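Participant: What follows is a single structure, and I will ask about it in a moment.
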Amino acid sequence: MTVVAIDGTFSSGKGTLAKQLAKHYQLPHLDTGKLYRAVAKIIQDQGADPDDSEACTQAAQNITADMLDEPVLKSGGIGAIASRVAVHKSVRAALLDYQRDFAANGGVLDGRDIGTVICPEADVKLYIDAEPEERARRRHAELTGYGEDISIETVFEQLKERDHRDANRTEAPLKIASDAHLIDTTGLSIERAFAAAVKIIDAVLEAKASKK
């Protein structure tokens with residue numbers, strides 16, 4: 001079964017792209033970031049400390065698929081906590097099997113360490129990025145669309161902090177896999193980004209098929 005690994009920066013459009021690609025190729029989709037957001041919600045509900053690795057790990061061990069559909073996971077507050085939760089090695093280890101089990105039957109997975117850690121043997125790897133200012137604009141529009149009262153300046157600062165944490169954490173930092181294909185979505189419409197991704201995926205899969 002085909003596995004497409006999609007990594008990238010926060011608010012680069014990788015989630016939207018992953019959903020479209022999953023539908024196009026008739027593959028299941030997993031937004032792995034929601035796993036960490038679900039852990040963050042548990043921590044928030046418990047009033048626990050996101051920097052407490054033991055509490056976060058226990059929460060990660062109790063994640064179920066139905067928890068991933070809760071709308072609150074998209075909120076800015078949960079996202080900020082999730083970024084802190086994700087630095088814990090034990091949390092990432094607890095969620096590793098969940099992600100690999102999902103990928104075992106094929107699928108499109110998006111996150112920050114899919115092509116480098118979760119599915120290093122994925123058939124196709126994409127890395128999605130965009131300029132920070134563009135990503136902040138998108139995230140601000142998303143949050144205000146949910147009714148959150150937040151300035152774009154605050155969103156931009158949060159985004160820079162998130163980028164730094166993701167790229168510099170000790171465990172599974174965000175980086176481009178050596179065999180990943182880069183798509184910069186700055187200035188690209190959703191349709192153009194999708195078309196670029198399909199072109200890459202089709203070419204990679206065709207090349208692999210010809211070698212068999």
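Participant: Can you give the angle from 0 to 90° between the axis of helix 76-85 and the longest principal axis of the chain, with both taken from C-alpha atoms, to the nearest 10?
Facilitator: So the helix axis and the longest Cα principal axis differ by about 80 degrees.
Participant: Pairs of alpha-carbon atoms within less than 8 angstrom and 6+ residues apart define the contacts here; what relative contact order does the chain have, in percent?
Facilitator: Averaging sequence separation for qualifying contacts and normalising by length gives 32 percent for the chain.
Participant: Hey, got the dipole for the chain? About the Cα centre, +1 on K and R Cβ, -1 on D and E Cβ, debye to the nearest 20?
Facilitator: For the chain, the charge dipole is close to 600 debye.
Participant: Further, regarding this structure: Which entries of K14/K208; K74/K199; K14/K160; K89/K211 show an alpha-carbon separation above 27 angstrom in the structure shown?
Facilitator: Distance filter (> 27 Å) returns K74/K199; K89/K211.
Participant: Gap in Å between the Cα centre of the range 77-97 and the Cα centre of the range 117-154?
Facilitator: Spelled out, the Cα-based centre of one part sits 17 Å from the other.
Participant: Please list 81-90, 110-119 highest first by mean number of surrounding beta-carbon atoms within 10 Å per residue.
Facilitator: Packing proxy ranking, top to bottom: 110-119, 81-90.
Participant: Only one of the listed values, [x] 47, 34, 34; [y] 54, 36, 30; [z] 45, 39, 33, was derived from the coordinates as Cα extents along the principal axes in Å; which label is it?
Facilitator: [y]
Participant: Set Lys and Arg Cβ to +1 and Asp and Glu Cβ to -1, take the dipole of the chain about its Cα centre, and tell me which of H164, Q46, L205 lies farthest positive.
Facilitator: My answer, from the dipole projection, is L205.
Participant: Related question: Enumerate by residue number the GluC sites (Glu not before Pro) in the range 114-186 meeting two conditions: DSSP loop (anything except H, G, I, E, B), and at most 10 other Cβ atoms within 10 Å of the site's Cβ.
Facilitator: Numbers: sites: E121, E133, E134, E142, E148, E153, E157, E161, E171; in loops: E121, E148, E171.
For GluC sites (Glu not before Pro) across the range 114-186 that sit outside H, G, I, E and B with at most 10 neighbouring Cβ atoms in 10 Å, the list reads E121.
Participant: What residues qualify as long-range amide H neighbours of G8, i.e. H under 5 Å apart, gap of 5 or more or another chain, H built at 1.01 Å from N?
Facilitator: The answer is G111, I128.
Only the coordinates and a few stated rules stand behind these numbers; no lab work does. Nothing here was measured: the structure is a model prediction, and the numbers come from that model. We place every Cβ from the backbone using ideal geometry, glycine too, and count neighbours over all the protein chains shown.
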